[in-house]
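Asks: Input: one structure, supplied below.
The values are calculated or read from the model by the stated rules, or taken from the named source; none is laboratory data. Bear in mind that the values here come from a model prediction, so they are computed numbers and not experimental data. Note that each Cβ is placed from the backbone with ideal geometry, even for glycine, and that neighbours are counted across all protein chains shown. The accessibility values were calculated without ligands, DNA or RNA, using every heavy atom of the protein model including side chains. Shrake-Rupley method; radii C 1.70, N 1.55, O 1.52, S 1.80 Å.
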Amino acid sequence: MTTTNHYPDFDRARKDFPMLSKSMHGKPLIYFDSAATAQKPYAVINAIQNFYTNDYGTVHRAIYELSINATLQYQQVRQKVATLLNAKKTDEIIYTRGTTESINMVAYSFGKAFVKPGDEILITAMEHHSNIVPWQILCEDRKAILKVVPINDEGELKMDEFSKLLNAKTKLVAVNHIANSLGTINPIKEIIAMAHSVGAKVLIDGAQSAPHMPVDMQDLDADFYVFSGHKFYGPTGIGILYGKADLLNEMPPYQGGGDMIEKVTFEKTTYNTLPMKFEAGTPMIAEVIGLGAAIDYVNGLSLEHIQDYEHSLLIHANEAISSVQGLRIIGTAKHKAAIISFIVDGVHPLDIGTMLDLRGIAIRTGHHCAQPVMKHFNIPATARASFSFYNNKEEIDYFIKALKDVVRILK
């Protein structure tokens, strides 16, 4: 993380997001749920509108100018993603519908190619359901064994237990970079190196990290890395799967249809080369264009500056929220992203979220698609405030004042 305070003008950047000028229940909107989905800047909205208004055509399948131009724009975004992640080749970037589909694609295709009865898949106790259920399905289908790395009461992985669970039978380790329910930043470079030492491959769920910090596939040496466009200030319905080319080449297609074929006969079909082999059917063209605009926008601010600024928001919020009587933060890892999950003695998180909404403050309540995390802490749910670069300390101060008022009323 950088230490400079010479940030871009993030207060000015707020004005790029039309939703942030809205009112809710007669109060100015304070949006603290970017871990669920991020708001969209005009640059993304305008890029999608312009594509549909002026440039719309299908990709790959025609020689008329509209199609050629649409295909060019579509492919340019693939290069932008490859540069963002520092992939070796653009062919290593697969378009999907989101993080969930990316993980399911790897579970199906990697599992079919490499996982045999008795093999082991290793995940952690802090995963989102999207990084649990696909591996359960895979293990049931392939008669493999799912093992889980436990966490401590700070919400950190027990790395000594991880080391013990790794062995020659471990085929793949799937772990989030940042836990959506706790904010924990996992030591993924260490995890990847340890997994590789026993011959295992690694999938990193980057849904919470890609929009908030720089990531470098050559430095990390991840085998697979996945994230969603809608958390990256882009549109819904578009996600990214990065995979090392040699692995992707050995994996069978996830779906069959148009574009993913080389030649089709009733006797036999041969498949296209990367990345098309994994992109069946007419793709989400406008969504890809929108993601490209989001990447350009974020690059203009710099992920290094975003990470540094959001960390300053986390420090401010941690200090301020400690003054709320009866409040306990769930997830106190030494290395955290700008996410605070909390409970208040004698008050249900749903009631907190409802009352804060009436004051114009949007936070998330519930189990955050991480029920095993809730079970570990023996709680049904938490309230969660998650910050982005378009938030500021004044909003946090208002949030804490409102939270104290809500707690006083509900207790």
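Asks: Computing the accessible area with a 1.4 Å probe over protein heavy atoms, can you report the carbon and sulfur percentage for segment 197-255? The partial results should precede the final answer.
Replies: On the way: 660 of 1550 Å².
On segment 197-255, the fraction of accessible area on carbon and sulfur atoms equals 42 percent.
Asks: What is the distance, in nm, between label points placed 7 Å from the Cα along the Cα-to-Cβ direction at Tyr271 and at Val198?
Replies: Spacing of the two 7 Å Cα→Cβ label points: 2.8 nm.
Asks: So, with +1 on the Cβ of K and R and -1 on the Cβ of D and E, and no other charges, what is the size of the charge dipole of segment 1-119 about its Cα centre, to the nearest 20 debye? Present the calculation step by step, with values, prior to reporting the outcome.
Replies: On the way: 14 positive and 10 negative charges, 24 e Å.
That gives segment 1-119 a dipole magnitude of about 120 debye.
Asks: Summing +1 for each Lys or Arg and -1 for each Asp or Glu, what net charge is found among the other residues whose Cβ lies under 10 Å from the Cβ of Thr99? Walk me through the numbers on the way to the answer.
Replies: Working: positive: Arg97, Lys231; negative: Glu101, Asp205.
Net local charge, Thr99 excluded: 0.
Asks: Kindly list the residues of segment 368-411 that lie in the label zone of Leu358, defined by a backbone N under 16 Å from the point 7 Å along the Cα-to-C-beta vector.
Replies: Hits in segment 368-411 for Leu358 at 16 Å: 402-411.
Asks: Positive end of the charge dipole of the chain (Lys, Arg +1 and Asp, Glu -1 on Cβ, about the Cα centre): tell me which of Asn249, Ser322, Phe10 has its Cα farthest that way.
Replies: Checking the options against the dipole of the chain, the answer is Ser322.
Asks: While we're on this one: Just to confirm, what accessible area per residue do you get for segment 118-263 at 1.4 Å probe, in whole Å²? Let's see the in-between values first.
Replies: Working: 5050 Å² over 146 residues.
About 35 Å² of surface per residue is accessible.
Asks: Assuming R0 = 35 Å, can you tell me the calculated FRET efficiency for the pair Asn167 and Ile261, based on Cβ-Cβ distance, to the nearest 0.05?
Replies: Working: r = 39 Å, r/R0 = 1.12.
For Asn167 and Ile261, the calculated efficiency is 0.35.
Asks: Modelling each spin label as a point 7 Å along the Cα-to-Cβ direction, I'd like the Asp296/Asn318 distance in nm, to one decimal.
Replies: 3.7
Asks: Could the peptides 244-255, 384-395, 146-157 be put in order, highest first, of the mean number of other beta-carbon atoms found within 10 Å of their residues?
Replies: Averaged packing, sorted descending, gives the order 384-395, 146-157, 244-255.
Asks: Another question, if that's okay. So which of Lys244/Lys336; Lys22/Lys336; Lys89/Lys169; Lys88/Lys244; Lys147/Lys201; Lys189/Lys277 end up more than 20 Å apart by C-alpha? Walk me through the numbers on the way to the answer.
Replies: Details: Lys244/Lys336 28 Å; Lys22/Lys336 30 Å; Lys89/Lys169 30 Å; Lys88/Lys244 8 Å; Lys147/Lys201 15 Å; Lys189/Lys277 29 Å.
Violating the 20 Å limit, Cα to Cα: Lys244/Lys336; Lys22/Lys336; Lys89/Lys169; Lys189/Lys277.
Asks: In nm, to one decimal, how far is the Lys189 label point from the Gln79 one, both placed 7 Å along Cα→Cβ?
Replies: About 2.9 nm separates the two model spin labels.
Asks: So for segment 227-373, averaging the separation of alpha carbon pairs under 8 Å that are six or more residues apart and normalising by length, what relative contact order in percent results? Display every interim value, and only then the final one.
Replies: On the way: 130 pairs, mean separation 21.7, N = 147.
Here the relative contact order equals 15 percent.
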